[in-house]
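The values are calculated or read from the model by the stated rules, or taken from the named source; none is laboratory data. Remember, predicted model here, so these are calculated numbers, not experimental data. With ideal geometry, Cβ positions are generated from the backbone for all residues, glycine too; neighbour counts draw on all protein chains shown.
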Amino acid sequence: MTLIPNHLPTADLQALDAAHHMHPFTDGDELNAKGARIITRADGVYLTDSEGAQILDGMAGLWCVNLGYGRTELADVAAEQMRQLPYYNTFFQTSHPPVIALAKRLAELAPGDLNHVFFAGSGSEANDTNIRMVRHYWAARGKPSKKTIIARKNGYHGSTLGGASLGGMSGMHAQGGLPIPDVTHIDQPNWYHEGGDTSPEEFGLERARQLEAEIARLGEDNVAAFIAEPVQGAGGVIVPPETYWPEIQRICDAHEILLIADEVITGFGRTGNWFGSQTWNIRPDIMTIAKGLSSGYVPIGGSIVSDHVAETINGAGDFNHGYTYSGHPVAAAVALENLRILDEEGIVTRCGAETAPYLREKWMQLADHPLVGEARISGMMAGIALTPDKAARASFAAEGGTVGLRCRERCFANNLVMRHVGDNMIIAPPLVISKSEIDTLIERAVKSLDETLASIT
Ligand code: PLP
């Protein structure tokens, strides 16, 4: 008999939730006053709530359910692995078949000489690993002063002390005395909101060259790495100008700065290729992975590391770092099965060649809506900026910054999960979304935009 109270009415579940459960990134009092929407089942791209409503999940959970919901193969693999070896660690010279196979598979999929994997339980943990690894790397190479990591304002790299410090979210830094020392932030390549009169191409170069200026300010001998998402996700799906990444790559190469591509969102098909680094022609020394690695079915993350980083770390004695769940056998087995299905069913290929271009065609038409100033997209992640004045690329300051929130609530009422970041609306649906489901997503988005517009004028 299950201990999970599926049978309870919604109001009882909400009351229990309010009494005992503290939610991430949530105003607790506000939520408890109205009650959480309780999700009980999911299949394909649809969630079902405790009242039986079918909600199209335009965010794939938190950008993670790349494979879609309800794949029983993953459940079967998890059950079998739990029966055979539910847990063993990878500390102190032990290993096990699932983690061995997963590391090998990731080395095959990752571009260039990214051939080695250090596992973690989440994207945040993996970025904490990266901080420790790049500092240890430079110390092992006789350059211990190379410690500072340059990141970007409005970037997101997780919620641990290290991850939130690398991130450039002012709301997160305002709580708890972040960032930690030796992390600095340059501006983001957000042309629509910050580009002024410059062309996107000029602006991309300008923002990339801030990295070179920051390296000069800090001194090359003090900088360990630059970290960035190929396409900023949580910051509002900020698609960089085409000129940005080639210039960043040139600067990292010229100044002996390790490049960390945080692929927690952009990995595993999200931008139309296996990794965003392939879409944007980036050659990272380290890639952070999580989310789509297991399609969110179990928690797992990691750092895929290039040959030269791995050789240095492996040659420097004990790396005094690791997590109880680094390379957890059940998580590794599920991730391996997830990668098998994404590959063998051609999901990543079909997304890149068919469904993402179809979504692009439909999504970009939203720019014609009177409320929308810009539509942007990379593969299966997309955003729109809401504006009261298209020509001025203005935001809704006069409305107290609540228009995006209002639009998100209209979407939710219309059974579509679309997230807001300020006055930007964003989506990242499961990669398995079909063309007719994309049509439904767009219809519900337009209806919600119309209703939001009506609430303003
Ligand atoms: N890095 C990026 C780019 C992310 O988007 C996220 C989460 O959204 C993280 C890191 C943190 O991952 P996790 O929430 O698994 O710790």
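Only one residue in GLY267, GLY292 is assigned to a helix (DSSP H, G or I), among the small types (Gly, Ala, Ser), under 27 Å from LEU161 (Cα atoms) and within 16 Å of the ligand (Cβ to nearest atom). Which one? Only one candidate qualifies: GLY292.
Selection of the stretch 270-284 for residues being away from the ligand (no atom under 15 Å from the Cβ), in a loop (DSSP other than H, G, I, E, B) and at negative phi yields ASN273, TRP274, ARG283. Looking only at residues that are assigned to a helix (DSSP H, G or I) and more than 8 Å from the ligand (Cβ to nearest atom) in the stretch 120-133, which one is surrounded by the most Cβ atoms within 10 Å (Cβ to Cβ)? Checking each candidate, the answer is ASN130. Looking at LEU106 and the list (1) free of Cβ contacts under 8 Å to residues at least 40 places away in the same chain; (2) of a type in the set (A, V, I, L, M); (3) closer than 23 Å to VAL348 by Cα, which single condition is not satisfied? Among (1) free of Cβ contacts under 8 Å to residues at least 40 places away in the same chain; (2) of a type in the set (A, V, I, L, M); (3) closer than 23 Å to VAL348 by Cα, the lone unmet condition for LEU106 is (1).
Table: residues versus (1) touching a residue at least 60 places away in the same chain (Cβ under 8 Å); (2) surrounded by 13 or more Cβ atoms within 10 Å (Cβ to Cβ); (3) away from the ligand (no atom under 16 Å from the Cβ); (4) not small (Gly, Ala, Ser).
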site	(1), (2), (3), (4)
TYR69	yes, yes, yes, yes
ALA78	yes, yes, yes, no
TYR88	yes, yes, yes, yes
GLN93	no, no, yes, yes
HIS96	yes, yes, yes, yes
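For the residues ASP43, ASP57, the requirement of being over 30 Å from TYR323 (Cα atoms), out of contact with any helix residue (DSSP H, G or I) (no Cβ under 8 Å at 6 or more places or on another chain) and surrounded by 16 or more Cβ atoms within 10 Å (Cβ to Cβ) singles out ASP57.
Determine which member of the set ALA261, ALA234, ALA224 is small (Gly, Ala, Ser), touching a residue at least 12 places away in the same chain (Cβ under 8 Å), more than 16 Å from the ligand (Cβ to nearest atom) and touching a Phe, Trp or Tyr at 6+ places or on another chain (Cβ under 9 Å). It would help to see each step written out before you state the result.
Values: ALA261 fails: more than 16 Å from the ligand (Cβ to nearest atom); ALA234 fails: more than 16 Å from the ligand (Cβ to nearest atom).
None of the others qualify; the one that does is ALA224.
Checking the stretch 188-208 against the condition returns a match, with at least one residue being surrounded by fewer than 22 Cβ atoms within 10 Å (Cβ to Cβ), among the β-branched types (Val, Ile, Thr) and either assigned to a helix (DSSP H, G or I) or more than 13 Å from the ligand (Cβ to nearest atom) (or both).
Considering only helices (runs of 4 or more DSSP H) fully contained in the stretch 1-87, which possess at least 2 residues that are at pLDDT 95 or above and of a type in the set (Val, Ile, Thr)? Show your work before the answer.
Working: elements: 10-20, 28-34, 60-63, 72-84.
Helices (runs of 4 or more DSSP H) meeting the threshold: 72-84.
Condition first: of a type in the set (D, E, K, R), under 23 Å from LYS291 (Cα atoms) and surrounded by fewer than 24 Cβ atoms within 10 Å (Cβ to Cβ). Now tell me which residues in the stretch 134-178 satisfy that.
In the first step, residues of the stretch 134-178 are kept if they are of a type in the set (D, E, K, R); the result is 135, 141, 143, 146-147, 152-153.
Then drop every residue that is not under 23 Å from LYS291 (Cα atoms), which leaves 152-153.
Within the stretch 134-178, just LYS153 meets the criteria.
Given GLU229, GLU214, which one is within 16 Å of the ligand (Cβ to nearest atom), buried (at least 17 other Cβ atoms within 10 Å of the Cβ) and modelled with pLDDT of 95 or more? Don't jump to the end; show me each part of the working.
On the way: GLU214 fails: within 16 Å of the ligand (Cβ to nearest atom).
Testing whether each residue is within 16 Å of the ligand (Cβ to nearest atom), buried (at least 17 other Cβ atoms within 10 Å of the Cβ) and modelled with pLDDT of 95 or more leaves just GLU229.
Quick check: is even one residue across the stretch 305-323 over 14 Å from the mean Cα position of the chain (by Cα), within 23 Å of TRP274 (Cα to Cα), of a type in the set (Ser, Thr, Tyr) and in a strand (DSSP E or B)?
Of the stretch 305-323, the ones over 14 Å from the mean Cα position of the chain (by Cα) are 305-323.
So of that shortlist, the ones also within 23 Å of TRP274 (Cα to Cα) come out as 305-310.
Right, trim to of a type in the set (Ser, Thr, Tyr) and you get 306.
Adding the requirement that they be in a strand (DSSP E or B) leaves 306.
Yes, some residue in the stretch 305-323 is over 14 Å from the mean Cα position of the chain (by Cα), within 23 Å of TRP274 (Cα to Cα), of a type in the set (Ser, Thr, Tyr) and in a strand (DSSP E or B).
Using the structure shown, decide if GLY158 is within 12 Å of the ligand (Cβ to nearest atom) and more than 27 Å from ILE384 (Cβ to Cβ).
no
Can we say THR355 is surrounded by fewer than 19 Cβ atoms within 10 Å (Cβ to Cβ) and not hydrophobic (A, V, I, L, M, F, W, C)? Taking the combined requirement at face value, the residue does not satisfy it. For the stretch 389-429, the tally of residues that are out of contact with any Ser or Thr (no Cβ under 8 Å at 6 or more places or on another chain) and touching a residue at least 40 places away in the same chain (Cβ under 8 Å) stands at 12. Every test in (1) among the small types (Gly, Ala, Ser); (2) within 14 Å of the ligand (Cβ to nearest atom); (3) closer than 29 Å to ASN338 by Cβ; (4) assigned to a helix (DSSP H, G or I) is passed by ALA107 save one, and that test is (2).
Can you tell me which of ASP450, ASP439, ASP423 is on the phi < 0 side of the Ramachandran plot, among the charged types (D, E, K, R) and surrounded by 22 or more Cβ atoms within 10 Å (Cβ to Cβ)? Talk me through it step by step, then tell me what you get.
Numbers: ASP450 fails: surrounded by 22 or more Cβ atoms within 10 Å (Cβ to Cβ); ASP439 fails: surrounded by 22 or more Cβ atoms within 10 Å (Cβ to Cβ).
Sole residue among the options that is on the phi < 0 side of the Ramachandran plot, among the charged types (D, E, K, R) and surrounded by 22 or more Cβ atoms within 10 Å (Cβ to Cβ): ASP423.
Does the stretch 168-184 contain any residue that is hydroxyl-bearing (Ser, Thr, Tyr) and within 15 Å of the ligand (Cβ to nearest atom)?
From the stretch 168-184, those hydroxyl-bearing (Ser, Thr, Tyr) are 170, 184; that's our starting set.
When the remaining residues are screened for being within 15 Å of the ligand (Cβ to nearest atom), the result is none.
Checked the stretch 168-184: no residue is hydroxyl-bearing (Ser, Thr, Tyr) and within 15 Å of the ligand (Cβ to nearest atom).
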